[in-house]
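Working notes for the structure below.
The values are calculated or read from the model by the stated rules, or taken from the named source; none is laboratory data. Note that the coordinates shown come from a computational prediction; the quantities given were computed from them, not determined experimentally. Here the Cβ is made from the backbone with ideal geometry for all residues, glycine too, and neighbour counts use every protein chain on show. Note: accessible area is taken over every heavy atom of the protein model, side chains too, but ligands, DNA and RNA are not part of it. Shrake-Rupley method; radii C 1.70, N 1.55, O 1.52, S 1.80 Å.
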Number of protein chains: 2
Amino acid sequence: MSALHRATLQDVARLANVSPKTVSRVFAHREQVAPATVERVLSAAKRLRFRPNTLARTLRHGGVATTVGLLMGDLGNPFYYTIAAGVERALADRGLTLIVATTDDSEEGEERVADTLLAQRVGALLLIPVGPDQSYLEGERQLGTAVVAIDRPARNLVADSVVLRNREGAKEATRSLIAHGHRRIAYLCNPASVYTQMERCAGYRDALTSAGIPADGRYESLVDDMTVPAEETARAMLAQPDPPTAIVAGNNRMCIGVLRVIRELANPPALIGFDDFDTADILGVSVVSHDPAEMGRRAAELAIDRMSDLGGFTTQLEVPTHLVLRGSGERPPA
Amino acid sequence: MSALHRATLQDVARLANVSPKTVSRVFAHREQVAPATVERVLSAAKRLRFRPNTLARTLRHGGVATTVGLLMGDLGNPFYYTIAAGVERALADRGLTLIVATTDDSEEGEERVADTLLAQRVGALLLIPVGPDQSYLEGERQLGTAVVAIDRPARNLVADSVVLRNREGAKEATRSLIAHGHRRIAYLCNPASVYTQMERCAGYRDALTSAGIPADGRYESLVDDMTVPAEETARAMLAQPDPPTAIVAGNNRMCIGVLRVIRELANPPALIGFDDFDTADILGVSVVSHDPAEMGRRAAELAIDRMSDLGGFTTQLEVPTHLVLRGSGERPPA
DNA sequence: TTGAAAGCGCTACCAG
DNA sequence: CTGGTAGCGCTTTCAA
């Protein structure tokens, strides 16, 4: 017997003097096997260091997938990897393993990377849509792969989704600034053409409208070019005549960029960011906070449900946000 | 023909009027196939929405693995996920996919989770060791699975590893504090019994020794209980008589904890942290910086090399650190 | 350049 | 309670 041979179920069966099927039964934990036989099988398995091959198990006709794919733009972003962490946790709880793939934030890469994941026969595909169109997943969905969109709904594809209550979150933040006496309130974001930003910007406008403050394009900086540093956008906004006395930053990155700029100012504008971050309390930054890990967890659970029970209506889940006031958002107008 | 049937290579062969092997040739190694045949096969594949089954491909005797497993302890830690991002990127470049699994920092969980990964027949196992002993991987390593330890060397297991130059990094930080006139310098960390902390603490001591400053246990807070908040450790350190005039924080978490505490002080001690973070520049925190993504990338590359060329000596890679001075580390003694 | 057949590791189906 | 047999989707011998 070669030492460099991975023991198979057959090897175990041979050593334990039973049929392969019996070994299978023991490891599948489902069927009745005589205790003595179980004992014999397990000891043989141990001796051979047998480890069931999940791949072979899945390959079987109608085999149940043991993996779930998560497709996203970039693992390096705290927001995204926290989602991933939530997904992983929820999957592990059900004995599923997570395959992660990133598109490096390129729209063209998305379908190609999804293909790789699907070639691995993942039981479900979770994705944070980057491209403008996910219709390429329609066939796969019909074949029984659960598809769940996270953070943004999929486009041209009927699929479950889990998103933040973006609009309400931004509205609440803006309303709070108004309540503190601000009327010249700016909204800054980049990128601007993604779903989340359009929602948040809409929420910002909602609040202004409700307060009878006319919309003013000068106070909206909807940049859509990730090569532009957030600081530059912030500086431009504040350099104009009649600058805003308060700023709503559309995301983490923009918030930190604004922060860098206004710290140099004698009379900094009020600031509320979207997305919480580690040192926000130290820096006294008010934010619209939410729980990305929770989003990931919910998405994974949705996918798991869908795996066992296909069909039915799709679910659109919304995860709440809440305003955390830490000082920067309560500054009155200068 | 049912619409709810995943097209197989056979289906494509039938439709294209060729043998399965020919289809295989087209999709695999681009072996010599007549252009016209290729055309026919591809068009049939497209029509049936055929997607090669990676699982089946891997199952084949001696089949080449297409996945790599990454095993780590902590879930929401930026440092670890940045490593993961580096790993993912390097793997994707070689057409491999990443399976992520976490042990939730429990030592017992490690082997069990490793088992899950190995049951998926990953071609390599990258791990950030958590448990005290990785000898359970020895058999698998002999079977040909590449094993690479990241951030800490594996214990009781001969394996490649990629770690930071922890000792030199901490030494440089401490030396810098000494150069700024400090003599009562503290080292704070939690957890303390992990490899990285032992190395960093040793570097801290090296620097003191070189400067002729006697070691003083009162200035070492080597806590080993993650339920203790970093703030508490920091407060205790500063509450003693003759408190330190400078602090080296062993990791990100401790650094931010210390920061929370010393901001309230009239004469804050100097501070240098280990690990960089997003807002460190705004907060003016000096740190020993390094590139976790680079570590991940190097580990993945090591694993890929090892996959194709087993045997040979193991490699111990060290990734450099560098001191970034932003203010907090240059404060003179009060 | 193409094809037939055997088999990877496992589990369902039907027996005994 | 246990065992034979067929087959999952693919790829590798060998032949044609």
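Taking H placed 1.01 Å from N in the peptide plane, check which residues at least 5 places from A:T97 or on another chain put their amide H under 5 Å from its amide H.
Residues meeting the criterion, in which the H sits 1.01 Å from N, are A:T67, A:V68.
Taking all protein chains together and a probe of 1.4 Å, list B:V223, A:V258, A:V64 from the most accessible to the least accessible. Show your work: numbers first, answer last.
On the way: B:V223 35, A:V258 0, A:V64 105 Å².
The residues order as A:V64, B:V223, A:V258, largest area first.
Classify the protein assembly as shown: rounded, prolate or oblate, from the alpha-carbon gyration tensor (a ≥ b ≥ c, eigenvalue square roots; a/c under 1.5 rounded; otherwise prolate if a/b is larger than b/c)? It would help to have the intermediate numbers written out before the result.
Values: a/c = 2.25, a/b = 1.29, b/c = 1.74.
Oblate, because a/c is 1.5 or more while a/b does not exceed b/c.
Nearest 10 degrees, 0 to 90: what angle lies between the long axis of helix B:35-48 and the longest principal axis of chain B (Cα atoms)?
Orientation of helix B:35-48: about 70 degrees from the principal axis.
Just checking the output field for B:94-106: average partner chain Cβ neighbours within 10 Å of each residue's Cβ?
Numbers: counts 0, 1, 1, 11, 6, 6, 12, 5, 5, 1, 3, 0, 0.
Per residue, the average neighbour count from other chains is 4.
Taking B:R47 in one copy and the same position in all the others, each labelled 7 Å out along Cα→Cβ, what are the pairwise distances from the first, in nm, shortest first?
Shortest to longest, the spacings are 5.6 nm.
Let me cross-check A:I128: its accessible surface, 1.4 Å probe, with only protein heavy atoms counted, in Å² to the nearest 10?
Solvent-accessible area, nearest 10 Å²: 0 Å².
From the square roots a ≥ b ≥ c of the eigenvalues of the alpha-carbon gyration tensor of the range B:157-254, which class results: rounded (a/c under 1.5), prolate (a/b over b/c), or oblate? Mind dumping the intermediate values first?
Details: a/c = 2.24, a/b = 1.20, b/c = 1.86.
Oblate is the answer for the range B:157-254, as a/c is 1.5 or above yet b/c matches or exceeds a/b.
If you line up the long axis of helix A:195-210 against the longest principal axis of chain A, both from Cα atoms, how many degrees apart are they, to the nearest 10?
40 degrees
With both partners inside the protein assembly as shown, how many of the DSSP beta bridges are antiparallel, as a percent to the nearest 5?
Working: 9 of 79 bridges.
Among the beta bridges of the protein assembly as shown, antiparallel pairing accounts for roughly 10 percent.
If contacts are Cα pairs under 8 angstrom and at least 6 residues apart, what is the relative contact order of the range B:30-136 in percent? Don't jump to the answer; show the numbers that get you there.
On the way: 116 pairs, mean separation 33.2, N = 107.
With pairs under 8 Å counted, the relative contact order is 31 percent.
Out of B:P191, B:P35, B:P243, any idea which swings most in a Gaussian network model of chain B, alpha carbons joined below 10 Å?
Greatest mean-square fluctuation among the candidates belongs to B:P35.
Provide an ascending nm list, one decimal, of label-point separations from A:G312 to the equivalent residue in each further copy; define each label point as 7 Å from Cα along Cα→Cβ.
Sorted ascending, the copy-to-copy spacings read 5.2 nm.
What accessible area, in Å² to the nearest ten, does a 1.4 Å probe give for A:R306?
Probe radius 1.4 Å; accessible area of A:R306 about 30 Å².
Using a 1.4 Å probe on the protein chains only, how many percent of the accessible area of chain A belongs to carbon and sulfur?
Working: 7450 of 14860 Å².
It is 50 percent, rounded to a whole number.
Quick one: grab the alpha carbon gyration tensor of the range A:189-237, order the square roots of its eigenvalues as a ≥ b ≥ c, and give me rounded if a/c is under 1.5, else prolate or oblate depending on whether a/b is larger than b/c. Spell out each step's value before the answer.
Numbers: a/c = 3.41, a/b = 1.57, b/c = 2.16.
Oblate is the answer for the range A:189-237, as a/c is 1.5 or above yet b/c matches or exceeds a/b.
Counting only other chains, and only Cβ atoms inside 10 Å, what mean value do you get across the residues of A:51-59?
Values: counts 8, 2, 6, 7, 12, 5, 2, 5, 5.
Mean partner shielding for this stretch: 6.
Hey, what did chain A get for relative contact order, percent, Cα under 8 Å, at least 6 apart?
Details: 599 pairs, mean separation 58.3, N = 334.
Relative contact order for chain A comes out at 17 percent.
Given Cα pairs under 8 Å that are at least 6 residues apart, what percent is the relative contact order of the range B:10-53? Walk me through the numbers before you get to the answer.
Numbers: 29 pairs, mean separation 17.0, N = 44.
Answer for the range B:10-53 is 39 percent.
Using the 7 Å Cα-to-Cβ label point, sort the distances from A:H29 to its equivalents in the other copies shortest first and give them in nm to one decimal.
For A:H29, the other copies' label points sit at 4.1 nm, shortest first.
Just grab the label-to-label distance for B:A202 and B:A56, each label 7 Å out from Cα along the Cβ direction, in nm (one decimal).
Roughly 5.3 nm, to one decimal.
Just to confirm the number: angle between the C-alpha axis of helix A:230-239 and the first principal axis of chain A, 0 to 90 degrees, nearest 10?
The angle comes out at about 20 degrees.
Keeping all protein chains in the complex and leaving out DNA, RNA and ligands, what accessible area do you get for B:E294 with a 1.4 Å probe, in Å² to the nearest 10?
Using a 1.4 Å probe on the heavy atoms, I get roughly 50 Å².
Kindly state, to the nearest 0.05, the FRET efficiency for A:E138 paired with A:E330, given R0 = 35 Å and r defined as their beta-carbon distance.
Numbers: r = 48 Å, r/R0 = 1.37.
Working from the Cβ atoms, E equals 0.15.
5 Å is the cut-off here: which amide hydrogens, built 1.01 Å from N in the peptide plane, fall below it relative to A:A270, excluding neighbours closer than 5 in sequence?
For A:A270, the qualifying residues are A:A246, A:I247.
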